[in-house]
Amino acid sequence: MTTTKVFFTALFSAVLSATVTAQKIDIYTQKIDSIITASSPIVFNGVVLIAQKGKIQYLKSNGYKDFEKKIPLKTDDQFEIMSNSKQVTAVLILQAAEQGKLNIHTSIKKYLPTLTQSWADSVTIHHLLNHTHGITDINKPAAFKAGSQFKYGNLSYMLLGEILKNTTGKNFTELASSLFKKLKMNKTLVYNTKSNQALVPGYMNEDNQFEKVKESFLNDNIAPAAGIISTVQDLAKWDEALFKGKLLSPEFQKQMLTPSTSSQHNVFGKESMGFGYNVRFIKESGLDYFAVTGLGDGFTCLNVYFPSTDTALVILENQMPEKSEYWSFKEASIKNAVLKAMTSK
């Protein structure tokens, strides 16, 4: 084949690929538009972002920042991201491990010497990271042997925040804020009761009637588990850094992104799938992807990264349904629309 033919063949392939990609974007754009504007069975009140290869392909808000004052949401509004926060804590722990300040396979008694229960000698940082520790209360016996079961919760990541403080000499807010600054996540911060006036308030939703959450459960202690405030754009930057190895060395990146237990979540189906250091490993419609969810305090969140197409899907809502059957309902619908478009031929 001549050089000219090779050139035109490559050019044709590139144009064809771009055309197919554009068609798939059009498919999920129309579908997502219909999902976020439909009021049945539950309204969508939040922001959706889809970025591919670092470029935003979809970015829209729907609904209100403040229902009483009818102030509409903006695409760069700041939301509580709930359990999405745990990924940040996991990265900070692994960075400390890289620096030799702690060992994730050492019992937590070494780093939290004031613990009095016997489980402190057998539970490791690894067990805290992947929710297989069995701790229900720091003053009570463990519910199960460390490593034998999975039980999701906030307590383990609150303990990880204490471990970070004891091993690095800095509190969680200092460490996280420094990380956000490096990543230019300029609208991301750790919850602080003194500086949250401009943030989006959370609402509980019962039959599409919204009631503002009057008193957040967030505080300094729970911050490493659920206390980060962010935007869809900043979380797309987080995905770019985390999943492309910009935060951790290859050794610790592998530990972060290797399933070490399993967990089921309705957003991704009825089957248990891989779970690591607050990363879900999903295989759906023949496609492997990473995901993390968040729910509480009047907020609903979903952050998904599809490595095969370098695509991030970030959804933040400032509403949480009262009825559990509608938890993350719109998030699942939007994710399914993107997944269907991506896997169509």
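We did not get these values from a lab; they are worked out from the coordinates using the rules stated. A quick note: this is a predicted structure, and the numbers were derived from the prediction, not measured. Cβ: placed from backbone, ideal geometry, glycine included. Neighbour counts: every protein chain shown.
General remarks:
- Once you reduce segment 226-283 and segment 80-134 to the center of their Cα atoms, the two points are 17 Å from each other.
- Dipole magnitude of segment 41-343, debye to nearest 20 (Cβ charges: Lys/Arg +1, Asp/Glu -1, about Cα centre): 700 debye
- Extending 7 Å from Cα along the Cβ direction at Asn186 and again at Lys270 yields two label points whose distance is 4.9 nm.
- Förster-model FRET efficiency, 30 Å R0, Asp207 and Lys74, C-beta, rounded to 0.05: 0.70
- Across segment 164-172, computed HN-Hα scalar couplings (Karplus, 6.51 cos²θ - 1.76 cosθ + 1.60, θ = phi - 60°) run 4, 5, 6, 9, 10, x, 10, 7, 4 Hz from first to last residue, x flagging Gly and Pro.
- Short-range pairs are left out: with C-alpha atoms under 8 Å and at least six residues apart, the relative contact order of the chain is 23 percent.
- Evaluated at q = 0.08 Å⁻¹, a Debye calculation over the C-alpha positions of the chain (equal weights, vacuum) places log10 I(q)/I(0) at -0.40.
- Pairwise FRET efficiency - Asn221 versus Asp121, Cβ, R0 = 22 Å, nearest 0.05: 0.40
- Overall form of segment 98-144 per C-alpha gyration tensor (a/c, 1.5; a/b vs b/c): oblate
- Above-threshold pairs, the threshold being 25 Å between Cα atoms, out of Lys70/Lys237; Lys254/Lys283; Lys151/Lys182: Lys70/Lys237; Lys151/Lys182
- Taken over segment 239-329, the percentage of Cα pairs per 10 Å bin, counting from 0 up to the bin with the maximum distance, is 15, 45, 32, 7, 0.
- Cα pair distances exceeding 29 angstrom across segment 169-326, given as percent: 22 percent
- Net +/- balance of residues flanking Ser34 in space, Cβ distance below 14 Å, scoring K and R +1, D and E -1: +2
- Inter-label distance, nm, simple model (7 Å from Cα along the C-beta direction), Ser285/Lys340: 0.8 nm
- Calculated SAXS-style log₁₀ I(q)/I(0) at q = 0.22, 0.23, 0.28, 0.29 Å⁻¹ - segment 173-214, Debye, Cα scatterers: -0.78, -0.81, -0.97, -1.00
- Within the chain, longest stretch free of exposed GluC sites (Glu not before Pro) [DSSP loop, at most 11 other beta carbons within 10 Å]: 69-214
- Three semi-axes of the equivalent ellipsoid, segment 117-215, Cα gyration tensor, whole Å, largest first: 31, 22, 12
- Low-density loop positions, trypsin sites (Lys or Arg not before Pro), segment 101-153 - DSSP coil, at most 14 other Cβ in 10 Å: Lys145
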